[in-house]
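Notes follow the structure.
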Amino acid sequence: MASRTPIIAGNWKMNNTIKETKELLTALIPLVKDAKCEVAVCAPYTSIAAAAGLIAGTKIKLGAENVHWADKGAFTGEISADMLKELGVEYVIVGHSERRQYFGETDATVNKRAKAALSRGLKPIICVGELLGERESGATDDVVIRQTKGAFDGIAADELKNIVIAYEPVWAIGTGKTATADDADATIAVIRGVVGELYGKDAADAMRIQYGGSMNAKNVAELMAKPNIDGGLIGGASLKAEDFAKLIAGVN
Ligand code: PEP
């Protein structure tokens, strides 16, 4: 089994002005300087430049929350991979459930965004996960299999090292409800199985797959103790330096 470095990434969503970004990161940087895992913050576009300046030379890596698939052009309101790269962005969230639910993101557009990110040297954090109704009707595995296959369509094996998958059951995001560690591990094993089917066992063993959905300092240790869980994508608990730092300290 390949050893995988866990990655905890904060997803700030539409939170943190530049002023708030400065306050949060100034408090966070000393608290996570000895983190045993990789740490990233995915900031809204307007705060990325400020965040880049503050975290230069620290443990914290820079991420964005979305990227368009075109190089440039008439796509009002969108941001290209080159624009993010220029700001020093390393990771970019692709296909978050809020994008899928509210902004018409589909498996096909997730795939296009992931490929555009990779083509410019950005590392996509590709989100998959089932809705509550899908879980209740027993469709969880089918949904994550479909989403994972869709996201990886046409992606070459040598790109896999630059991809992180986030398994985020939609009903657990921002709700305070967490998947049980066993359920999260089992679904992540299914996702890992898809990567294995597409690219082989070594690739599946090497793929980092996070859990996301109301992860916090209290439940992180139990989730991280599971063999398939390689970190977390963190919304609410990444918005306060102390909360995020405590969660990160729970990763061993
Ligand atoms: C997320 O937005 O990806 C997320 C997991 O949010 P929360 O931690 O607030 O559930």
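The values are calculated or read from the model by the stated rules, or taken from the named source; none is laboratory data. What you see is a predicted model; the values in this text were computed from it and never measured. Methodologically, a virtual Cβ is constructed for each residue, glycine included, from the backbone with ideal geometry; neighbour enumeration extends over all protein chains shown. For accessibility, only protein heavy atoms count, side chains too; no ligands or nucleic acids. Shrake-Rupley method; radii C 1.70, N 1.55, O 1.52, S 1.80 Å.
Residue-wise test of (1) out of contact with any Lys or Arg (no Cβ under 9 Å at 6 or more places or on another chain); (2) of a type in the set (Ser, Thr, Tyr); (3) open to solvent by 10 Å² or more (accessible area, probe 1.4 Å).
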position	(1), (2), (3)
Thr76	yes, yes, yes
Tyr91	no, yes, no
Ala116	yes, no, yes
Arg120	no, no, yes
Arg135	yes, no, yes
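Quick one: Asp142 ticks every box in (1) more than 19 Å from Ile7 (Cβ to Cβ); (2) open to solvent by less than 30 Å² (accessible area, probe 1.4 Å) except a single one, so which number is it?
(2)
For Ala189, indicate whether it is more than 11 Å from the ligand (Cβ to nearest atom) and in contact with a Leu (Cβ under 8 Å, 6 or more places away or on another chain).
Numbers: more than 11 Å from the ligand (Cβ to nearest atom): yes; in contact with a Leu (Cβ under 8 Å, 6 or more places away or on another chain): no.
Taking the combined requirement at face value, the residue does not satisfy it.
Considering only residues that are near the ligand (Cβ under 10 Å from one of its atoms) and closer than 17 Å to Cys127 by Cβ, look in region 172-182 and name the one that is least open to solvent (accessible area, probe 1.4 Å).
If we filter region 172-182 for residues that are near the ligand (Cβ under 10 Å from one of its atoms), which is where we start, we get 172-178.
Next cut, closer than 17 Å to Cys127 by Cβ only: 172-175, 178.
Working: Ala172: 0, Ile173: 29, Gly174: 77, Thr175: 71, Thr178: 46 Å².
Within region 172-182, the match that is least open to solvent (accessible area, probe 1.4 Å) is Ala172.
Give region 61-83 a look and list any residue that's hydrophobic (A, V, I, L, M, F, W, C), in contact (Cβ under 8 Å) with a residue 24 or more places away in the chain and out of contact with any Gly (no Cβ under 9 Å at 6 or more places or on another chain), or say none.
Kept after step one, since they are hydrophobic (A, V, I, L, M, F, W, C), are these residues of region 61-83: 62, 64, 67, 69-70, 74-75, 79, 81, 83.
Right, trim to in contact (Cβ under 8 Å) with a residue 24 or more places away in the chain and you get 62, 64, 67, 69-70, 79, 81.
Selection gives Ala64, Val67, Trp69, Ala70, Ile79.
Please go through region 145-161 and give me each residue that is over 24 Å from Lys226 (Cβ atoms) and open to solvent by less than 70 Å² (accessible area, probe 1.4 Å), ordered by number. Steps first, please.
Of region 145-161, the ones over 24 Å from Lys226 (Cβ atoms) are 150, 153-159.
Residues satisfying the conditions are Gly150, Gly154, Ile155, Ala156, Ala157, Glu159.
Report, by residue number, each residue of region 217-248 that is within 14 Å of the ligand (Cβ to nearest atom), over 16 Å from the mean Cα position of the chain (by Cα) and of a type in the set (Gly, Ala, Ser).
Once the filter is applied, which keeps residues that are within 14 Å of the ligand (Cβ to nearest atom), over 16 Å from the mean Cα position of the chain (by Cα) and of a type in the set (Gly, Ala, Ser), region 217-248 yields only Ala217.
How many residues does region 13-27 hold that are crowded, with 22+ Cβ neighbours inside 10 Å and within 16 Å of the ligand (Cβ to nearest atom)? Let's see the steps before the verdict.
We begin by selecting, within region 13-27, every residue crowded, with 22+ Cβ neighbours inside 10 Å; these are 16, 21, 24.
Remaining after also requiring within 16 Å of the ligand (Cβ to nearest atom): 16, 24.
Total satisfying the criteria: 2.
Is there a residue being of a type in the set (S, T, N, Q), in a helix (DSSP H, G or I), open to solvent by less than 10 Å² (accessible area, probe 1.4 Å) and in contact (Cβ under 8 Å) with a residue 12 or more places away in the chain anywhere in region 183-201? Let's see the steps before the verdict.
The initial filter retains those residues of region 183-201 that are of a type in the set (S, T, N, Q), namely 187.
Then drop every residue that is not in a helix (DSSP H, G or I), which leaves 187.
Checking which are open to solvent by less than 10 Å² (accessible area, probe 1.4 Å) leaves us with 187.
Those still in the list that are in contact (Cβ under 8 Å) with a residue 12 or more places away in the chain too: 187.
Yes; the residues of region 183-201 include at least one that is of a type in the set (S, T, N, Q), in a helix (DSSP H, G or I), open to solvent by less than 10 Å² (accessible area, probe 1.4 Å) and in contact (Cβ under 8 Å) with a residue 12 or more places away in the chain.
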